[in-house]
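Enquirer: Sharing a structure below in structure tokens format, with a few things to ask.
The values are calculated or read from the model by the stated rules, or taken from the named source; none is laboratory data. Owing to the predicted nature of the structure, the values given are computational and were not obtained by experimental measurement. Because the Cβ atoms are built from the backbone with ideal geometry, glycine has one as well, and the counts that use them run over all protein chains shown. What goes into the accessible areas is simple: the full protein's heavy atoms, side chains included, and nothing from ligands, DNA or RNA. Shrake-Rupley method; radii C 1.70, N 1.55, O 1.52, S 1.80 Å.
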Amino acid sequence: MTLVRVPPSLEQEVDLAKTYDAVIVGSGAAGGMAAHVLTTHGLQVLMLEAGRKLPIEQELRSMQWPYDHPRRGDEPPGSHHLSLNEYTIRKPPYAKGAAFKHVYSYVGGWSGSDYVKNILVDEKDHPYTGTNYAWVRARCLGGKTNIWGRLALRLSDYDFKAKSHDGYGEDWPIAYADLEPYYDKVDLYLGISGVKENLPHLPDSQFQRPSKLNAGEVKLRESLKKGGQVLTPYRAGVTTDGLKHNKYRSKCYGRGACDRRPGGCDIHAVFDSPTGLIYPAMDTGKLTLRTNSIAHEVLVDKNTGRARGVAFLDSVTHKSYEAKAKVVIVGASTLESARLLLLSRSPQHPNGLGNSSGHVGHNFCEHVMGPGVTGLIKELVGKPHTLDDGRPGGFYIPRFRNLKDRQPGFIRGYGYEGNSGHSMFPAHVMDTAGFGGQFKKNVRDHAAAFISMGAFGEVLPRYESYVDLDPATKDGWGIPVLRFHYQFSDNERKMAEDMVATGREMLEAAGIEVVGQDNEILTEGWSIHELGTARMGNDPKTSVLNQFQQSHDVRNLFVVDGSSHVSASCQNPTWTIMALAWRSCDHLADEFRKGNL
């Protein structure tokens, strides 16, 4: 049975002599949404993607069993995925001097590294320097949306007005009411599963059918409810009911394939930018796509200082080209967008494009993670097996710290992601003692009795947390690379201590035996939720963009990805990135029609 339609032909004639209405740099969540919105408004758009178009279904092969792969999913000899110890002990560039032919980020080490070797960048060609940082990059059409973790959460005014709440940092120049209708648009256009909880600090979405909690998760939920806390089914960017307006995506069939690869979905029930946004935009006839195009400078008019296009290199031939446009939209991901702005120096913009404030690259923030707990639900030991892995996720416990109370030691908060139940590969096999028949029986009896959860906490934005250009190191195309100046602070470390202690308390209060805990914070960058570096604000002296992600300095320049975020919150950012991009591109199209750009 054919589940999805064949994508449109990507073999297009790209006329670089033409001046497009808009050029978009990047094809992930932000760039894809910009393409969708602007083509809907009738603009002629050129999209530049640094990587290639991959046959993602053939890459992920979600239904391939491990024994059908010659190396059970491992990458071929000569390839290596970085480990936590390498990120912790060594300093970047991590691939420098490596004996391996190819070096990739840690993501491939989760499971099935061979399935993502063409999605992740080769660290040998894409170095960076400075402080320790686990930077995950995917150069291909759709970027990291091809392998993202699916959790789709909204921010609230506890986040948008965080300074007003606790006095730290800056408020966003928008409130939840400004973005709520655009969250709704994203929900309805892309699909999201979940359950309404009516929480002011975690607003509900326009949900499709949720996944079900299993016995262990219900046990924990009922215990938390007694203390006024909430455990809700995983809010996944997955269409569980299907989308009548999108012929390129299938609804979720609960195949149990979600955890067989490092994210991704070969039938596109999970949102990805190509099938969710880019292919429908191409069907309008208004979007032209050029892959293998590495942008290295936003060009400006010598007389006006306004953006006039983008200079890029062909990643295969290394030849230089220029794309001309009336409006330039940067959506290359938080760190790459900051890099592009810093690279775009000119007499009119000597510190980088849009950087009169000196804030480009600064106020970098993300999520701290690593601390977590594992419990054993004794009454589930030896119970009949159930089908629990046909879900896009397990559960989520929303933030509860520093809402009405004031937690000593740290400000802001964190949430937990967790799961329980049966999976294709039984939990904790490697921790189970013994061998032979009794060993197998122990594994089977305990397979669904474990419950685990790990925390994601807000990292505070600080001006001294920043990236700049390394004056000496260049990538495989001769372009200066980023240098990191960034470390977690005492606030994150105190928060991490509370994550572990509170996780234990939650499990023990539910009558669940704690059998493991992770105390250590993972290397900076591990969350893959990089934010900030070109923040929004009302004051051009302390911010880079206005509330519509429009440059204070260059009227026809927009930066529509996570770099615009003023703070990180503790919620995963993908849904907010797309809601903001939709709102900004609606504004852009309106201003374009009025001749104001």
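Enquirer: Looking at this model, which pairs from LYS378/LYS404; LYS144/LYS286; LYS212/LYS286; LYS91/LYS494; LYS144/LYS244; LYS96/LYS319 are more than 31 angstrom apart at the alpha-carbon?
Expert: Too far apart for the 31 Å limit: LYS378/LYS404; LYS212/LYS286.
Enquirer: Something else: Where in the stretch 50-78 does the amide nitrogen come within less than 16 Å of the point 7 Å from the Cα of ALA99, taken along Cα to Cβ?
Expert: Correct set: 77-78.
Enquirer: Name the residues whose placed amide hydrogens come within less than 5 Å of the amide hydrogen of LEU141, ignoring near sequence neighbours (fewer than 5 apart) on the same chain.
Expert: ARG52, LYS53, LEU54
Enquirer: In the stretch 203-313, what percent of the accessible surface is made up of carbon and sulfur (1.4 Å probe, ligands and nucleic acids excluded)?
Expert: 45 percent
Enquirer: When the helix-only estimate is applied to the chain (DSSP H runs of n ≥ 4, each -39,500 (n - 2.57), divided by the residue count), what is the mean residue ellipticity at 222 nm, nearest 500 deg cm²/dmol? Show your work: numbers first, answer last.
Expert: Details: 12 runs with 126 residues, N = 597.
Rounded to the nearest 500, the figure is -6500 deg cm²/dmol.
Enquirer: Over the Cα atoms of the chain, what is the Rg over Rh ratio if Rh follows Kirkwood?
Expert: Rounded to two decimals, Rg over Rh is 0.95.
Enquirer: Taking the solvent-accessible surface of protein heavy atoms with a 1.4 Å probe, what is the per residue accessible area of the stretch 165-272 in Å²? Present the calculation step by step, with values, prior to reporting the outcome.
Expert: Numbers: 4320 Å² over 108 residues.
I get 40 Å² per residue for the stretch 165-272.
Enquirer: Still on this structure, I have one more. Would you kindly derive the ³J(HN,Hα) couplings of the stretch 471-477 from the backbone phi angles with the Karplus curve 6.51 cos²θ - 1.76 cosθ + 1.60 (θ = phi - 60°), listing them in order in whole Hz, with x for Gly and Pro?
Expert: x, 10, 8, 10, 7, x, 10
Enquirer: With a 1.4 Å probe and all protein chains kept in place, how do GLU591, GLU57, GLU458, GLU520 rank by accessible area, largest first? Display every interim value, and only then the final one.
Expert: Numbers: GLU591 35, GLU57 75, GLU458 5, GLU520 140 Å².
If we order GLU591, GLU57, GLU458, GLU520 from most to least accessible, we get GLU520, GLU57, GLU591, GLU458.
Enquirer: Only sites in a loop by DSSP and with at most 15 other Cβ atoms within 10 Å count here; which trypsin sites (Lys or Arg not before Pro) in the stretch 383-464 make the cut?
Expert: In loop regions of the stretch 383-464 (DSSP not H, G, I, E or B), the sparsely surrounded trypsin sites (Lys or Arg not before Pro) are LYS404, ARG406.
Enquirer: Give the peptides 466-479, 6-19, 346-359 in descending order of average Cβ contacts within 10 Å, highest first. The partial results should precede the final answer.
Expert: Numbers: 466-479: 15.9, 6-19: 11.6, 346-359: 18.1.
Descending packing order for the listed peptides: 346-359, 466-479, 6-19.
Enquirer: Additional query: Along its three principal axes, how long is the stretch 440-533 when you only count alpha carbons? Whole Å, largest extent first please.
Expert: Extents along the principal axes, in whole Å: 57, 34, 17.
Enquirer: Near ASP204, within a Cβ-to-Cβ distance under 14 Å, what is the net charge of the other residues, with Lys and Arg +1 and Asp and Glu -1?
Expert: -1
Enquirer: Give me the net charge of ALA496's neighbourhood, meaning all other residues with Cβ under 13 Å from the Cβ of ALA496; Lys, Arg count +1, Asp, Glu -1.
Expert: -4
Enquirer: 5 Å is the cut-off here: which amide hydrogens, built 1.01 Å from N in the peptide plane, fall below it relative to GLY352, excluding neighbours closer than 5 in sequence?
Expert: Counting only residues 5 or more places away or on other chains, the set is SER346.
Enquirer: Output ³J(HN,Hα) for the stretch 290-296: one whole-Hz value per residue in order, computed from phi by the Karplus curve 6.51 cos²θ - 1.76 cosθ + 1.60 with θ = phi - 60°, and x for Gly and Pro.
Expert: 10, 8, 6, 10, 8, 5, 10
Enquirer: Rounded to the nearest 10 Å², what accessible area does ARG306 show when all protein chains are kept and the probe is 1.4 Å?
Expert: 70 Å²
Enquirer: While we're on this one: Which whole-number percentage describes the relative contact order of the chain, with Cα contacts under 8 Å and a sequence gap of 6 or more?
Expert: 21 percent
Enquirer: Suppose we keep just the DSSP beta bridges with both residues in the chain; what percent of those would be antiparallel, to 5?
Expert: Numbers: 50 of 75 bridges.
Around 65 percent of the beta bridges assigned by DSSP in the chain are antiparallel ones.
Enquirer: Within the chain, which DSSP H helices have Cα atoms that stretch 15 Å or more along the helix axis and a mean Kyte-Doolittle hydropathy of at least -1.0?
Expert: Numbers: long enough: 29-40 (17 Å, 0.98); 176-190 (20 Å, -0.49); 215-226 (17 Å, -0.90); 436-446 (16 Å, -1.80); 490-509 (28 Å, -0.97); 574-594 (30 Å, -0.28).
Qualifying helices, which must be both long enough and hydrophobic enough, are 29-40, 176-190, 215-226, 490-509, 574-594.
Enquirer: Okay, moving on. Read phi for every residue in the stretch 449-454 and hand back ³J(HN,Hα) as whole Hz from Karplus 6.51 cos²θ - 1.76 cosθ + 1.60, θ = phi - 60°, with x for Gly and Pro.
Expert: Coupling constants for the stretch 449-454: 9, 9, 9, 10, 8, x Hz.
Enquirer: Placing +1 on the Cβ of each Lys and Arg and -1 on the Cβ of each Asp and Glu in the chain, which of VAL230, LEU299, PHE410 has its Cα farthest towards the positive end of the resulting dipole?
Expert: The residue sitting most towards the positive pole is LEU299.
Enquirer: Follow-up question, since we're still on this one. In debye to the nearest 20, how big a dipole does the stretch 437-491 give about its Cα centre with +1 on each Lys and Arg Cβ and -1 on each Asp and Glu Cβ?
Expert: Working: 6 positive and 7 negative charges, 108 e Å.
Roughly 520 debye, rounded to the nearest 20.
Enquirer: Using a probe radius of 1.4 Å on heavy atoms only, what accessible surface per residue do you get for the stretch 432-575? Whole Å² is fine.
Expert: 38 Å²
Enquirer: Further question on the same structure: Let's see if you can work this out: charge +1 on each Lys and Arg Cβ, -1 on each Asp and Glu Cβ, no other charges. What is the dipole magnitude of the stretch 360-432 about its Cα centre, in debye to the nearest 20?
Expert: For this selection, approximately 380 debye.
Enquirer: Farthest toward the dipole's positive end in the stretch 478-597, which of PHE484, PRO540, ASN596, given Cβ charges of +1 (Lys, Arg) and -1 (Asp, Glu) about the Cα centre?
Expert: ASN596
Enquirer: Please go through the stretch 187-256 and write out the GluC sites (Glu not before Pro) that DSSP classes as loop and that have at most 16 other C-beta atoms within 10 Å.
Expert: Taking the stretch 187-256 and a limit of 16 other Cβ atoms within 10 Å, the loop GluC sites (Glu not before Pro) found are GLU197.
Enquirer: Further question on the same structure: Give, in nm to one decimal, the length gained when the segment between LYS161 and ILE89 is fully stretched (0.36 nm per residue of separation minus the Cα-Cα distance).
Expert: Gain on extension, LYS161 to ILE89, equals 22.2 nm.
Enquirer: Post the alpha-carbon centroid distance, the stretch 413-458 to the stretch 511-557, in whole angstrom.
Expert: Using only Cα atoms, the two centres lie 32 Å from each other.
Enquirer: What does the charge count near ARG583 come to, summing +1 for each Lys or Arg and -1 for each Asp or Glu among other residues with Cβ under 12 Å from its Cβ?
Expert: -4
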